[in-house]
Every structure is written in C-alpha cells, then in structure tokens.
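*Asks:* If you scroll down you'll find the structure; I have some questions about it.
The values are calculated or read from the model by the stated rules, or taken from the named source; none is laboratory data. Worth saying up front: this structure is predicted, and the values here are computed from it rather than measured. Note: ideal-geometry Cβ built from the backbone for every residue, glycine included; neighbour counts use all protein chains shown. Calculation scope for accessible area: heavy atoms of the full protein, side chains included, ligands and nucleic acids excluded. Shrake-Rupley method; radii C 1.70, N 1.55, O 1.52, S 1.80 Å.
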Amino acid sequence: MATQTKGVDEAVKKQALSLKEKLEKFLYEKNAVTDILEKIEQKTKVKRTYLVGGVLAVFALYLVFGYGASFLCAFIGFLYPAYCSVKAIESDSKDDDTQWLTYWVVYSAFSLVEFFSDIFLFWFPFYYLAKLVFLIWCMAPVSANGSQFLYQRIIRPFVLKHQKQVDEALDKVGDALGEVMRHTKTLAGEAEEAAKKAASDAAAAAASQAISSSINDGDKKTN
C-alpha cells in the first residue's frame with residue numbers, strides 16, 4: 001500500500017513539474033502577451049511567473065466571491081479549447097485531433113451531469129473555483145490530463161459496454177423519425193391536393209355564379 005501511495009505521489013509530482021515547465025516555456029515565448037509581461041517584469045522587478053501566479057490567485061478569489069463566475073467558467077472552458085481545436089483541424093497531425101475530440105467528449109458528459117446537479121452544487125462556495133480547476137485539468141497540455149484519464153477510465157468502458165444497445169436505440173429512433181417524416185409528407189401532399197381542389201371548386205363556383213348573374217341581367221334587360 002505504501003509503495004502504491006509513493007508511486008502515485010511521484011507521478012503527481014512529475015506531472016506538476018511537467019506543467020510548470022510548460023507554463024514557464026509558454027510565458028517566455030515571443031508573442032503579444034509575453035511582450036506585455038516582459039515590460040511589467042522590467043518595471044516591477046518581479047518575475048513573470050509570480051505575476052501570473054498573483055493574477056491567478058486574484059482570479060481564484062473572484063470565482064469564489066465575485067459576480068458572473070458561472071459565465072466566466074463556461075467562457076474559459078470553451079474559448080481556449082475551441083481555439084486549440086481549430087488549430088488541430090488545420091494541422092497535419094492527428095494526435096491533437098484526438099486530444100481535443102477527447103476533451104469535447106468529456107466536456108459534454110460533464111455538462112450533462114452538471115445540468116442535473118447544478119441546483120445542488122450551486123450552493124457550495126468553492127464550486128466554480130473547483131469547476132475551473134477541473135476544466136484546466138481536462139485541457140492541460142500533457143498526455144495524461146483529465147480528459148484522457150476520465151475517457152479511458154469511465155467514458156470509454158461505459159460506451160463500449162452499452163454500444164450495441166445505444167446503436168439499436170438510435171436505429172429505432174431514426175426509423176421512427178423517418179416514419180413520422182413520411183407520414184407528415186403524405187399528409188402535406190393530401191392537404192395540398194385538398195387545397196388545390198377547394199380552390200378549383202371555389203373558382204368554378206364563382207365563375208358559375210358570375211355566368212348566372214350575367215344571364216339574369218340579360219333576361220332583365222330583355223324584359
């Protein structure tokens with residue numbers, strides 16, 4: 001038991017170190033954001049890693065006590081992954097496609113669970129902070145992130161176990177929808193024919209009435 005715990009601790013430490021290295025690498029890349037961080041770093045004499053850490057700490061406090069935390073979590077959980085998904089689609093590699101498809105599967109499953117449990121979880125003061133940490137864990141740029149863990153351990157086994165039943169249910173739903181569409185199309189055709197016939201009968205009746213009126217007017221003039 002102690003050996004397993006030690007192994008888990010080492011894996012967590014290794015993953016945390018990998019995340020730290022990736023974060024520092026990102027913070028020192030040349031782009032518009034890091035250029036701003038560099039200027040702030042030069043003026044304040046504070047390393048940009050600490051600056052970003054401070055901003056994240058303030059952000060975390062806002063998620064606990066601030067207004068609009070729900071929207072902010074949803075915004076972050078969607079915006080960055082959506083941007084990375086577009087980049088993955090445009091790249092030649094297929095690994096990043098799989099990575100972000102996995103994220104969206106997990107995100108969809110989480111959103112479904114949250115929909116039914118949000119009314120209870122909403123009252124927990126650290127809920128949105130925990131939600132943001134969870135989403136960051138799922139989108140973390142490492143091979144063993146939350147999306148991979150949850151997909152391989154929970155979603156994939158569940159789907160593979162029930163795939164046959166789900167496919168059969170979807171086929172039945174598709175057949176039922178097809179039948180409804182065919183029935184609707186038939187009814188629409190019958191309604192169209194009935195409308196045409198009614199319009200034709202009305203036109204014929206109006207013409208007959210007009211002819212009768214002309215004949216009656218002619219008879220009156222003759223008399």
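*Asks:* How many of the residues in the range 81-129 are open to solvent by less than 60 Å² (accessible area, probe 1.4 Å), among the aliphatic types (A, V, I, L, M) and modelled with pLDDT of 85 or more?
*Replies:* So the count comes out to 4.
*Asks:* Please name all residue pairs, on different chains or six or more residues apart, with Cβ atoms under 8 Å, provided the first residue is in the range 33-45 and is under 12 Å from VAL55 (Cβ atoms) and open to solvent by less than 100 Å² (accessible area, probe 1.4 Å) and the second residue is assigned to a helix (DSSP H, G or I) and not charged (D, E, K, R).
*Replies:* Note: pairs meeting the criteria are LEU37/LEU27; LEU37/LEU51; LEU37/VAL52; ILE40/LEU51.
*Asks:* From (1) closer than 22 Å to LYS22 by Cα; (2) within 14 Å of the chain's Cα centre (by Cα), pick out the condition that doesn't hold for ALA74.
*Replies:* The number of the failed condition is (1).
*Asks:* Going through the range 97-110 one residue at a time, which ones are within 13 Å of ASN145 (Cβ to Cβ) and not hydrophobic (A, V, I, L, M, F, W, C)?
*Replies:* THR98, GLN99, THR102, TYR103, TYR107
*Asks:* Of the numbered conditions (1) open to solvent by 60 Å² or more (accessible area, probe 1.4 Å); (2) modelled with pLDDT of 80 or more; (3) more than 30 Å from LEU101 (Cβ to Cβ), PHE158 fails exactly one; give the number of that condition.
*Replies:* PHE158 satisfies all of (1) open to solvent by 60 Å² or more (accessible area, probe 1.4 Å); (2) modelled with pLDDT of 80 or more; (3) more than 30 Å from LEU101 (Cβ to Cβ) except (3).
*Asks:* Looking only at the range 142-155, how many residues end up being of a type in the set (Gly, Ala, Ser) and either touching a Pro at 6+ places or on another chain (Cβ under 6 Å) or open to solvent by 70 Å² or more (accessible area, probe 1.4 Å) (or both)?
*Replies:* Residues of the range 142-155 of a type in the set (Gly, Ala, Ser): 143-144, 146-147.
From what is left, the residues that are either touching a Pro at 6+ places or on another chain (Cβ under 6 Å) or open to solvent by 70 Å² or more (accessible area, probe 1.4 Å) (or both) are 143.
Going through the range 142-155 one residue at a time, the tally reaches 1.
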